[in-house]
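Some notes on the structure that comes next.
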Amino acid sequence: MTIREWPTPGTPDMQKFGQARRQLHSLVQWLARMERSYGSAESAGSGITLRWSDTRKAIITSQLGQGLRLELRLPEMVLQFLEDDEAANHPLHTEEHSPAHVEAWLLIELLHRGIERKQFSKSLPYDVSGLMSGDSEEFSPEAYQQELEALTDWLARAAEEIGLATGKPAGEQDGGIVLRPEDLSLEAASDSNRILGFKASGAKLGEPFFYVRTAGDGDQPGRQNEVILPASQLPSSGGSDRLRTLFQATQ
């Protein structure tokens, strides 16, 4: 995999990066809603997880029935259904489209496939009030192309490092690395109930960072037991060795 070095804080423009991340985070919620409405039984509870596909550079739902998945492809921010892992017709390029338009597109696609629309719910078990909704804002990936490319690179690099450190393959959509839609974190768990994760930003740091926590800590305010490693402290090569050492040291 050939991707960029870890960016230093301030590169790219972190204000624009935050806006791009908000747009991506808002779009991911539609995958989360599809996952919760039609996905695995586990997704019906509070712990919704999506998949990271390094091969496609996309965030993908689990099987939604009839060999169907929904993906969000990066950095273009294109929504598209997959049928038996093949891209279906009628992708939605989200440029100049509002969340309301995304919802309408989803419902039409469900109708075309004979999938029960009454089962679709926008309800989510976490707060999304700060994200985009309705017709008041439109997605604009072209305006944030550089920031979305950087974010895609960070996710790809993080998935690779997490996979190497935990032994979870990062190349396939069911390779063991999941994306949590509530905060856009990538995670992989070990047999010892420890989780190695990555967030592109957060209140604790003004840059991407990795973390190690015990499964279940995510439900605790502030994740008090979380051990954090800024991505900028990883070397350009051998970063997985340092992550593996951190992961093993906290077990």
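Summary of computed values
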{"item": "Any chance residue 139 is modelled with pLDDT of 95 or more and open to solvent by less than 10 Å² (accessible area, probe 1.4 Å)", "result": "yes"}
{"item": "Given (1) open to solvent by less than 50 Å² (accessible area, probe 1.4 Å); (2) within 30 Å of residue 150 (Cα to Cα); (3) out of contact with any Leu (no Cβ under 9 Å at 6 or more places or on another chain), number of the condition residue 110 does not satisfy", "result": "(2)"}
{"item": "Cβ pairs under 6 Å, 6+ apart, first in the range 56-74 and under 18 Å from residue 185 (Cα atoms), second open to solvent by 20 Å² or more (accessible area, probe 1.4 Å) and assigned to a loop (DSSP other than H, G, I, E, B)", "result": "60/173; 61/39; 62/39; 62/40; 74/57"}
{"item": "Selected residue [outside any loop (DSSP other than H, G, I, E, B), more than 20 Å from residue 50 (Cα to Cα) and modelled with pLDDT of 85 or more] from 195, 228", "result": "228"}
{"item": "Unique residue being of a type in the set (A, V, I, L, M), surrounded by 18 or more Cβ atoms within 10 Å (Cβ to Cβ), assigned to a strand (DSSP E or B) and touching an Asp or Glu at 6+ places or on another chain (Cβ under 7 Å) when the list is 70, 82", "result": "82"}
{"item": "Those residues of the range 83-114 which are farther than 14 Å from residue 71 by Cα and either outside the structural domain of residue 62 (by the TED database) or in contact with a helix residue (DSSP H, G or I) (Cβ under 7 Å, 6 or more places away or on another chain) (or both), in sequence order", "result": "99, 107, 110, 111"}
{"item": "Failed condition for residue 75, given (1) part of a loop (DSSP other than H, G, I, E, B); (2) loosely packed, with under 15 Cβ neighbours inside 10 Å", "result": "(2)"}
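Here's the yes/no breakdown for (1) without any contact (Cβ under 8 Å) to a residue 12 or more places away in the chain; (2) over 17 Å from the mean Cα position of the chain (by Cα); (3) over 30 Å from residue 230 (Cβ atoms):
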| residue | (1), (2), (3) |
| --- | --- |
| 105 | no, yes, yes |
| 113 | no, yes, yes |
| 126 | no, no, no |
| 140 | no, yes, no |
| 143 | yes, yes, no |
| 147 | no, no, no |
| 155 | no, no, no |
| 158 | no, no, no |
| 165 | no, yes, no |
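The values are calculated or read from the model by the stated rules, or taken from the named source; none is laboratory data. Remember, it's a predicted structure, so these values are computed and weren't measured experimentally. Reconstructed Cβ throughout: ideal geometry from the backbone, glycine too, with neighbour counts over all protein chains shown. Surface accessibility is based on the protein's heavy atoms, side chains included, excluding ligands, DNA and RNA. Shrake-Rupley method; radii C 1.70, N 1.55, O 1.52, S 1.80 Å.
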